[in-house]
Each structure stands twice: as C-alpha cells, then as structure tokens.
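The values are calculated or read from the model by the stated rules, or taken from the named source; none is laboratory data. Keep in mind that what you see is a predicted model, and the values were worked out from it rather than measured. Don't worry about glycine lacking a Cβ; one is built from the backbone with ideal geometry, like all the others, and counts go over all protein chains shown. Quick note on the areas: whole protein, heavy atoms, side chains included, nothing else; ligands and nucleic acids left out. Shrake-Rupley method; radii C 1.70, N 1.55, O 1.52, S 1.80 Å.
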Amino acid sequence: MMRPLLLVACLLCALSGCQGKGDSRDGVSTPVAVPVARASEPTVLRQASDAAVWIDESAPQNSLLVLAAGEAGIELHDLEGKRLARYEGVETGFVDVLQASTLEPPLKGLVLASDHQLGAVRAYSLDATAHALEEVTVQPLEVNDEITGLCSYVSPLTNQVYAYVATDQGQLEQWELIAQAQGVTGRLVREIPAGKGTGHCVADDINGHIYFSEESVGVWRVGAEPEADSSREVIDLLDPHGGLHEEVKGLAVYRIDHNTAYLVVRDAGAASFNMYAIGGPDRKQFTISGGSEVGDVEGISIAVAPLGAQFLQGVLVLADEDAGDYKLVSLQQLGTSLGLDRGSTAVAQPHSRSRTVQPLAETEPVASFGDAADDPTIWINPSNPARSFIIGTDKKLGLNVYDMQGKLVHSAADGRMNNVDLRQGFELGGTTVTLVAATNRTNKSIALYRFDPSSPWLTSVADGVLETGFEDPYGLCMYHSRKTGTFYVLANDSVDGKLRQWKLVERNGRVGIELVREIAVGSQAEGCVADDELGHLYVAEEDVGLWKYPAEPDGGEERTSIDDVETGNLTDDVEGLAIWYGKNGTGYLVASNQGEDNYAVYRREGDNEYLGKFHVIANAAAGVDGASETDGLDVVSSALGSSFPDGLLVVQDGRNLMPSARQNFKYVSWRDVLAALQPSERAQDSVSGGERHATTASRQTYAAH
C-alpha cells in the first residue's frame, strides 16, 4: 500500500508538476562526471556527516572548513584539508556557519552545531586567527528529540537570524536566535509538520525559502519567514513518481548570482547529484568522477567565493561517510562540466523587498478554532480617543468588541459573521446612533446593531431577518453619501462575486434595507471600502485585482482598475481594504496583499498612485508576533492616544504565533507605516496633523472605514 503522505505528494506533483523527472528519457541528459579536487584528512574517529565553510574575506585562501566529526566533536580544517584544531565538547552531526551574523551585539563567524547527546543546538564564536571555537550559548536550544537536520536563515526583511532544526518525529522547528550580553539564546517560533524521515535542510536567504529532504519521499520547500504559510511544496519525489532514487541526503544552494541559483540534492540511491534551477525549469545532474571516488555522501555544503587558486569560484564540500573524510570539488570545474556560464541562466526575479513595521498590541484570541477571525472596524471615541473600541468578527460565532489594549469586553454570539463595518450619525428613533453592519452567513442576512460605547454593547436593531438573496453573503462595507446624507450597506456573494447595495431606512424604531443597485464584479470578491467624502467604492476581486467604482447608487457598473495580480503589484488573494482620511481629499488606501503576507498602500487622491508594500513583523519587546495571511483590516487617522498619534491600523492575523494560539487582530501605529513607506510621506503628514485630525473628527459622521 502506498504511504498516505506519499500519495498526497504524488497528487500534488500531478497537479502542479514536479521540477525533476528523472533520467534522459524525461529530457535530462546522462549525468556529467566532475572530479574531486582534494580530500580532507579523515576526522579523528573517521566520522563525517556535515560541513560548512567560513570565508576569510580579507584573505580568502585562509578560509576554514567547519566539519561535523561525530563523537569527536567539531573539527577545523584548512582548504588543503589539513586539520588545524578540534573542539571536543559536543557530539556533533550537523553544523552551519553564519558568515557575519546580524545579531546585536554582532558575532563574526557564528557556528551552529547539533548536540546529539542532549538533543539540542549550541552556538559558537569562531576565532579564525587562533583556530578556536568558544561556546557562546546561554542556554542550548533544546528540541528534546533526535536532531536529523540543521540549517540557518537570515531574513531579508528583518535581518533576524533563525535556526531550522529537523527532528526524528518529523518536525521542522524554527528558532529565533537572540543575542544577549552573556551570549546567544533562542526562542521557538513555530513547528512545521515535515514528515517522518525529514533530514537535511538548507536556506535560500534571497528568495525566503527553506528546502528539506524527506529521505524516503523526496525534497520539499516551505516559506522561511516565521509568518509564512507552513504548507510545503514538492520539488521532486522518489521514483517512480519523480526523478530521485531510494534515499535523499544532503542539500545545498549554489547561487551563481543574485538572480540565478540551483538547489543541489544528493540522490544517494543513484550515487549522483540533481540540480534544480530555483525559479526556473532547468535541471542538471552530475556525479563525482563517475561515483568511484566517493562513498556514501551525507551532508553537502557550497561556498561561492574566490577561495584561492584551487577554488577560484568557490567549493562544494561532501561528507564522505564511508571514508570518514570530506571531499572538495571546485565550483569552477563543476560549472565548466555542466556548461554553466555565470549569470547566463534566466531565472525569475525575486519579489522586491518590503518595508516593515511592528505591532504595538494585539487582541485576545477569538473563541473559535481554525480560520475564524476575519474583519475589524474601529469606533473612535470623540471625547476620549484613547478609549476607542475595535469590533471584530469571529466568523464561526459572531462579533467581538475589544478595547485599545486588546481586551475582549463584549461578544455577540449571533451567527457566522464574516465582515463588519460601522458608521456614526444614523438617526434612529430621534437619537443619533452608531450603526454596525455585518454579513451573517448563518441566515444569509445583513445583521445591524446599535453600538453603545458606555457599555460597551452591541444591540440588534435589524427589522427582522434582512435577507440578502445571496447563496453565501461574504464581504461587506458601508457608505454614507455626502451628496444626499443617505446611509448604505454593500455586500457581495462568495459564490459569484455579485455585489449589491442597499439603502438603510428606519422602520418603527428599527432599521431595514432597500435594494438600490447590483454589480457583477466578475469573480469572487470580498474586501470593499467606500470613500464617503469623494464618493468612491473600492472592491478587491481576490484573484484579479483592485477596482474603483462610483459609490452612489446610480453609479452603474463602470469601473477603473487600480492594480492587478497579473502585471501589477498585487499577489492573489487580494483581501481587506481600508481608507486613511487626510485633509482636502488626501490620504491613503490600504489593501491586504494576502499572497505575499503584506499590505499595499496607494494614494487616496487622483489615480490612486501605488506607494509600496510593508510587512507587519514580530515585536519581541512587546511580546507580540507579526501578522500574516490577513483577511480584513481597518485604519483611522484620528490620534488614539500616545501610542497611535497619527491613527491606528488594525489587521487580522491568520497565523497567531509565539505562542501558537487561535487567530486574533494586531494593532499598528500608522505613524510607523508612514515612516516605513518613505521619509517624504512622514514629513508631509507630520506638518498637517492638526487639520488632518479635524477632518477625521467629521469622519465620525461621514466615514469610519
């Protein structure tokens, strides 16, 4: 019987196409034989499993091999393969080197090594001049399991350093490394189910991926950022479902230039190596001198740098388990043998790097498990903005009300509420009230509430069940026309993306709806937001892009494309939308760019010029993780206390980490977003704060989203 995991992998391979397909009958030529340049001295106990290279940037020919020597510890060899020193304090199976650690205080030549007796990872500082290692671990990173793989990753977003540790039970653990005055410690960020038999791993720091081998199944890839999706993508599988044979061992990334790189995989069953172009279809194979000079290879490592006359372009290091030594291969010889011209291979450009901000607070997790939190809206307290409230959906339960510290203060368990919005200034029974609207998927209706901030409480004011006529009411936003003073609610159907607009009307002290318009968006849409002052309606068609319609009910279906996923700046799904109101029609439109776990920002005025994207990353000092896979969001430009002087951005967090918990919402200072976008935005808005806040105060009547 086929293993269930392998069956799933095969289905994935059939649906998406594996990069590797085996031998020459599938378009891959006969493997090229590449000679060994030299072999190192055998380790003291003739145990070899993994290697790393420390590059001496001032004198590359003096670079060092850092070798896992099993029960003999860690050995340091020169590029001639001569043993220079040995560290005996640990039984080591895996090693990695961070050339110039970004940790603060900085540690040059940071070595990570597995401690197989303890089931932990230790950190060492490499003194290359003295050929010595000094342990700098404050407390070992204890995984409490047999370690089957180890690699490091430096985030291009944050410069944060992470250790990835594979375990015998099939977990891939991600640890954040933290530098303290007394040394290095770590914090477990997340655990990725990787499959029994998971072993060697390697990071691609430029494209933000971790590759790992599942010895009897194949090779996989996952997003390396802590907020990335943990689902894995298949690179290649074992025969007959892919191009690998029996066992997969070591992995390494061979980066030829910024845009061109290969994943090198040891195919132990074929005694050869497969090379997969990262971001492209190209695949190559090679052996080492026909396979006769090298025994059972475990770990492999690649250093790309001019390392003296023997290794002009760098070195490939192979752990020869049978011989108990390490084989060194010239990358120049490898490239020549495979016909690799440096920089000649066309590989897709990596995504442009985004700016980053940190959340200052977060809400309590929602009560429901799984994909539950979805969309927030912000109520501004005009007399005491620091005592404003956030209303968020638990789409398996109802609506939640949170204070500015993220504490849950009220819950209305009235059904599967998906999206929510509010407007202040609605006349109901002779009183001006705050009206909250939400899509209720339980009874396919529009739910309407009066929000009493003194409680704070949500009280239903819907005139019965306000049926939408949709199969599945999904996204929702509100609009208050400056032209007529009329309030509207708009919602769409998840099935066909059809959007309807209803007028809100008072009926005997309660609120009803009257259909005034229908728009055929084209495909599934959810996020929408209306600009009450300028009369625009923005709709996010998830797999297509961002559109602008007239918001008035007689506006028809004519629309303008603001951005798209095919040729623009967005990556599907495009989700939540919100508007930050500035003075004189200025401001910003914010979109959840869910496919990249970030947020796109556009000017509110004119043709909605694209300004850039930013990520919400972890705030370790505040104990708040970042935000990812965001559905809904909201933003206001009123000053909400000293922490949010230029307004507040609230985003749903689809993966609530550190510790792992049910979904919630993160609070971000808009001033930090402006600073991340560019200095000109920060300067422009800092001088207009008084007028801007006055404009936002009127937004209590005209707009809240």
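Can you name every residue in region 51-82 that is within 15 Å of A323 (Cβ to Cβ) and either open to solvent by 40 Å² or more (accessible area, probe 1.4 Å) or among the acidic types (D, E) (or both)?
Within region 51-82, E75 is the sole residue that qualifies.
Could you tell me which numbered condition R342 fails, if it satisfies all but one of (1) assigned to a loop (DSSP other than H, G, I, E, B); (2) at pLDDT 65 or above; (3) of a type outside the set (V, I, T)?
(2)
Out of all the residues in region 464-519, which are closer than 18 Å to D414 by Cβ and open to solvent by 40 Å² or more (accessible area, probe 1.4 Å)?
G464, V465, E467, R510
So which residues in region 588-641 are acidic (D, E) and open to solvent by 10 Å² or more (accessible area, probe 1.4 Å), if there are any at all?
Answer for region 588-641, where residues must be acidic (D, E) and open to solvent by 10 Å² or more (accessible area, probe 1.4 Å): E596, D597, E605, D607, E609, E629, D631.
Go through region 641-667 residue by residue and tally those that are within 19 Å of D421 (Cα to Cα) and touching a Leu at 6+ places or on another chain (Cβ under 6 Å).
Of the residues in that region, 3 qualify.
Assuming G585 fulfils every condition listed in (1) open to solvent by 20 Å² or more (accessible area, probe 1.4 Å); (2) over 24 Å from T630 (Cβ atoms) apart from one, which condition is it?
Checking G585 against (1) open to solvent by 20 Å² or more (accessible area, probe 1.4 Å); (2) over 24 Å from T630 (Cβ atoms), the one that fails is (1).
I'd like the residue in region 219-268 that is surrounded by fewer than 24 Cβ atoms within 10 Å (Cβ to Cβ), part of a strand (DSSP E or B) and among the acidic types (D, E) and, out of all such residues, is modelled with the highest pLDDT.
Among those residues, the one meeting the criterion is E233.
Applying the selection to region 210-231, what residues are under 17 Å from R655 (Cβ atoms) and touching an Asp or Glu at 6+ places or on another chain (Cβ under 9 Å)?
I210, V222, G223, A224, E225, P226, E227, A228, D229, S230
Kindly evaluate V184 against the criterion of being modelled with pLDDT under 95 and surrounded by 21 or more Cβ atoms within 10 Å (Cβ to Cβ).
Yes, satisfied.
Hey, among A530, A540, which residue is in contact with a Phe, Trp or Tyr (Cβ under 6 Å, 6 or more places away or on another chain) and under 19 Å from N608 (Cβ atoms)?
Exactly one residue qualifies, and that residue is A530.
Taking V95, is it open to solvent by less than 50 Å² (accessible area, probe 1.4 Å) and in contact with an Asp or Glu (Cβ under 6 Å, 6 or more places away or on another chain)?
It is true that V95 is open to solvent by less than 50 Å² (accessible area, probe 1.4 Å) and in contact with an Asp or Glu (Cβ under 6 Å, 6 or more places away or on another chain).
So which of A447, A437 is open to solvent by less than 20 Å² (accessible area, probe 1.4 Å), assigned to a strand (DSSP E or B) and farther than 30 Å from S642 by Cα?
Unique residue meeting the criteria: A447.
Tell me, which residue of region 642-655 that is within 14 Å of the chain's Cα centre (by Cα) and open to solvent by 10 Å² or more (accessible area, probe 1.4 Å) is nearest to I380 (Cα to Cα)?
Ranking the qualifying residues of region 642-655, first place goes to G654.
Hey, any hits in region 506-527 for a residue that's charged (D, E, K, R) and in contact with a helix residue (DSSP H, G or I) (Cβ under 7 Å, 6 or more places away or on another chain)?
Checking region 506-527: not a single residue is charged (D, E, K, R) and in contact with a helix residue (DSSP H, G or I) (Cβ under 7 Å, 6 or more places away or on another chain).
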